[in-house]
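Read-outs throughout are calculated quantities, based only on the coordinates presented, and are distinct from any laboratory measurement. Just so it is clear, the model here is predicted, and its values are computed rather than measured. We place every Cβ from the backbone using ideal geometry, glycine too, and count neighbours over all the protein chains shown.
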Amino acid sequence: MNARMMVEFIDGSKTMVEMVAIANATGLGEPNPKPQVNDMVVGMKRIKVRAGGMDHLSGKCMCGAVTWTYSGETTRNLVCHCADCQRATSSPFTAFLGMNPKQLHWDGKIEHYESSPGTYRGFCPLCGTRLYFRSEKWPEETHVHAATLANPNEYRPDAQVVMRSRAGWLDCLKSIPAYEEFQKRPANQSDGKKKA
């Protein structure tokens, strides 16, 4: 049974959304008697709705030429420290969301690099954003980079893997100076002072 409900976004805008009753885990087709409040993305906006444990996520590359949407449970939320991820992303680690490829939809052109036999890394050919990792080792999962989420700050990892390759200098980050902006002002920005 479907129902329509008015939802209000954090920015104050409102819209009508059609909600679909979600069957419980027994597969008997009865509505979940105790729905829980979860995040849901409608378009590119995140709202709180009642749902039976479903995740509704979306994201994009840096230039916006490639977008993705996902409806389903994430299989894992992990930070990977392996040397291949470090090289592929030019960073000390990467954060992934494991997703069922059958519930993941991509729009836009994606190129692939086979980083090892049977392992592919997808990226946008226009801006170079790394989008995902997939491997024959885990055929039922696509590991989407958490930084491509519509709101990456909402990502919460629940595991770290391949700690033997973890960059040792990560331990000193808390002890070095931290800045809200750049350490040195970019050359094309003024400091707001007028010259006499």
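Tabulated values for the structure
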quantity	calculated
Per DSSP, loop GluC sites (Glu not before Pro) in segment 140-185 with at most 15 further Cβ within 10 Å	Glu140, Glu180, Glu181
Phe182 versus Ser115: modelled label distance in nm, points set 7 Å from Cα along the beta carbon direction	2.9 nm
Cut-off under 5 Å, modelled amide H: who pairs with Leu131 long-range	Gly122, Phe123, Cys124
FRET E, pair Trp169, Lys102, Förster distance 30 Å, beta-carbon r, rounded to 0.05	0.15
Calculated log₁₀ intensity ratio I(q)/I(0) where the Debye formula runs over C-alpha points of segment 90-196, q = 0.16, 0.17, 0.19 Å⁻¹	-0.94, -1.01, -1.16
